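The values are calculated or read from the model by the stated rules, or taken from the named source; none is laboratory data. Model, not experiment: these values are computed from the prediction. Methodologically, a virtual Cβ is constructed for each residue, glycine included, from the backbone with ideal geometry; neighbour enumeration extends over all protein chains shown. Areas reflect the complete protein model, heavy atoms only, side chains present, ligands, DNA and RNA absent. Shrake-Rupley method; radii C 1.70, N 1.55, O 1.52, S 1.80 Å.
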Amino acid sequence: MFDSGVGGLSVLREIRSLLPNESLMYVADSGHVPYGEKSPEFIRERCRVLAAFLLSQGAKALVLACNTATVAGVAELRELYPQLPLVGMEPAVKPAAAATQSGVVGVLATTGTLKSAKFAALLDRFASDVRVITQPCPGLVERIEAGELDAAATRELLQGYVAPLLAEGCDTLILGCTHYPFIKPLLRSLVPESVSLIDTGAAVARQVQRLLAERDLLATGPAQPAQFWSSGEPQAMQHVLPLLWGSAARVCALP
Ligand code: DGL
């Protein structure tokens, strides 16, 4: 699995809990985080590099644990590796459209995800009967990378992004970036109890399980300890791993 940084660990946790026999490898592209404001061409290049690295380490399947990388790069990776079980992520528009009572859904995601043609197609397909209000959240990923999950500055930033969505009557908020589940408790404290928060980590884990089962690739265990690489400062990731992954582990520099 890979992400622009540590956000994809929210998805890795779902996979660990559903598929405890699988040996997991995770690359944080923290040397290039955030992806949210970068060009699709740049992100596609990173997708090619990171996918090739994980395959060279023996990965039997690949998860793009990043909405922004998926909208930019998943199609090209599918062309490059047509046989590989490959799972990408997209904001949970369909379940949100089904869940809303007020008919107004808010989407918190990166600029790159919200500007993409893939996201526009998702809205056309599943959200024709509801009003969807999009909210890019620049700066939030950096706070989460630093492990500042409930710091005052993070709260203030998030409050500024969420208040307009609530003012428009949103009763359902989509967490359209894999970093955001880590600030779900903070978000919960900023919105009324009646507002639903929807993310896709668990659904992605089930999709990985389905693809592996179809190809008879499910591991019987025991799993190897999860392996971590970072293209940024390995120490920085090592520092936040206990908080975000739940236990300490060594992080290697991405070669
Ligand atoms: N975690 C990513 C996502 O799901 C990208 C965040 C970023 O690097 O801007 O979109």
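Cβ-Cβ distance of ARG125 and SER23, R₀ of 30 Å, FRET efficiency by 1/(1 + (r/R0)^6): the value works out to about 0.25. The trypsin sites (Lys or Arg not before Pro) of the range 18-90 meeting both criteria, a DSSP state outside H, G, I, E and B (loop) and at most 15 other C-beta atoms within 10 angstrom of the site's C-beta, are LYS60.
When the helix-only estimate is applied to the chain (DSSP H runs of n ≥ 4, each -39,500 (n - 2.57), divided by the residue count), what is the mean residue ellipticity at 222 nm, nearest 500 deg cm²/dmol?
Values: 11 runs with 117 residues, N = 255.
Calculated mean residue ellipticity at 222 nm is -13500 deg cm²/dmol.
Computed across the chain, the Kirkwood radius stands at 18.4 Å (inverse of mean 1/r, all Cα pairs).
For the range 16-64, the list of GluC sites (Glu not before Pro) that fall in a loop by DSSP and count at most 13 other C-beta atoms within 10 angstrom reads GLU37. Here the range 25-120 is treated as a sphere whose radius is the Kirkwood value from Cα pairs; by Stokes-Einstein at 10 °C and 1.306 mPa s it diffuses with a coefficient of 110 µm²/s. Which one of LEU123, LEU186, LEU217 has the biggest mean-square fluctuation once the chain is modelled by GNM with Cα springs under 10 Å? Maximum among the listed residues: LEU217.
Remark: the chain carries 44 Å² of accessible area per residue (probe radius 1.4 Å; ligands, DNA and RNA excluded). Could you pull out the trypsin sites (Lys or Arg not before Pro) across the range 143-247 that fall in loop regions by DSSP (anything but H, G, I, E, B) with no more than 13 other Cβ atoms inside 10 Å? Listed in order of number, the matching sites are ARG215. Would you mind counting up the charge near ARG46? Only other residues with Cβ under 15 Å from its Cβ, with Lys and Arg at +1 and Asp and Glu at -1. Here the count lands on -3. Of the residues LEU212, LEU80, LEU175, the one that moves most in a GNM of the chain with alpha-carbon contacts below 10 Å is LEU80.
What a 1.4 Å probe finds exposed on the chain is 52% carbon and sulfur by accessible area, rounded to a whole percent.
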